[in-house]
Amino acid sequence: MVTSYSVLPPPPEKRAYVRRMFAAIAHRYDLMNRLMTLGRDVAWRRAVVQLCALPHGGRLLDVATGTGDIAYEALRLDPTTQPVGLDLTRQMMLIGREKHPGLSVPFAEGDALALPFPDNIFDAVCSGFMMRNVVDIAAAFREQVRVVAPGGRVVCLELTMPRTPIFGRLFRGYFFHVVPLIGGLLSGQREAYRYLPESVDVFPPPDALARIMTAAGLREVRYRLAMFGTIAIHWGIK
């Protein structure tokens, strides 16, 4: 249940809200990710790349790439990979371009609901912590299915609320109170870190998200949980 101090914007305003929010926290985005996850987000992004099952020299689209962590990880695992990072927020990508001298990732500004690419062009499409932020989850998956080649994979990394009652209460206390406090101190944008837990609270649970992916045109949709059930990685095949 969403708390009474909800900062979630109504759907017509969500796109602009999300863009402004990520622009405001771009300078502290990577630091907060490492702190909130105790550094485990690096391993989760590596798992996403591995689940993409890219061929040698494969083309990867990282939707809502942020500062490019998944795209850069793909290059580190296989330098022949051809990643493209797409994001709605230019400020995030500008920071990403300077992160890893010697590694080159093309960045493109664009909307997850209208990907600026032709059909069937990528060997895999992935996203990390994006789906909570789109206006239409099903439409975002349909776009990813459209641009991935037949036989290619769509992989989604996302936060989810744990289902274990005792740990769930502990996690909610941390997520709804400690994270906004730390995020506000480090970024000066406490509202952004109030939005984060609330957006997770209303996001479909893993089973429901798997059904949405299947309805979008993917087969053999599966998922795995991590970090005591607070992280879900879904994948499916076109």
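The values are calculated or read from the model by the stated rules, or taken from the named source; none is laboratory data. All values reported here derive from a predicted model rather than from experimental measurement. Here the Cβ is made from the backbone with ideal geometry for all residues, glycine too, and neighbour counts use every protein chain on show.
Yes or no, residue by residue, for (1) surrounded by fewer than 16 Cβ atoms within 10 Å (Cβ to Cβ); (2) among the β-branched types (V, I, T); (3) touching an Asp or Glu at 6+ places or on another chain (Cβ under 6 Å):
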position	(1), (2), (3)
Q189	no, no, no
Y193	no, no, no
L196	no, no, no
I212	no, yes, no
R219	yes, no, no
Y223	no, no, no
T230	no, yes, no
I233	no, yes, no
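Within segment 106-121, the set of residues being within 18 Å of the chain's Cα centre (by Cα) and in contact (Cβ under 8 Å) with a residue 40 or more places away in the chain comprises F107, D111, A112, L115.
Counting only strands (runs of 3 or more DSSP E) that sit wholly inside segment 134-238, those with at least 1 residues that are without any contact (Cβ under 8 Å) to a residue 40 or more places away in the chain and aromatic (F, W, Y) are 219-226. Being surrounded by 18 or more Cβ atoms within 10 Å (Cβ to Cβ) and either among the basic types (K, R) or not in a loop (DSSP other than H, G, I, E, B) (or both) holds for only one residue in V84, V42, and it is V84. Between V125, V134, V200, V145, the distinction of being touching a strand residue (DSSP E or B) at 6+ places or on another chain (Cβ under 7 Å), closer than 24 Å to R46 by Cα and crowded, with 22+ Cβ neighbours inside 10 Å belongs to V125 only.
Residues of segment 46-89 that are more than 14 Å from V154 (Cβ to Cβ), among the basic types (K, R) and over 16 Å from the mean Cα position of the chain (by Cα): R76 alone.
Of all residues in segment 153-167, those that are buried (at least 16 other Cβ atoms within 10 Å of the Cβ) and either more than 30 Å from R219 (Cβ to Cβ) or not hydrophobic (A, V, I, L, M, F, W, C) (or both) total 4.
Considering every residue within segment 11-20, establish whether at least one is in contact with a strand residue (DSSP E or B) (Cβ under 8 Å, 6 or more places away or on another chain), of a type in the set (K, R) and at pLDDT 95 or above. Checked against the condition, which is being in contact with a strand residue (DSSP E or B) (Cβ under 8 Å, 6 or more places away or on another chain), of a type in the set (K, R) and at pLDDT 95 or above, segment 11-20 yields no hits at all.
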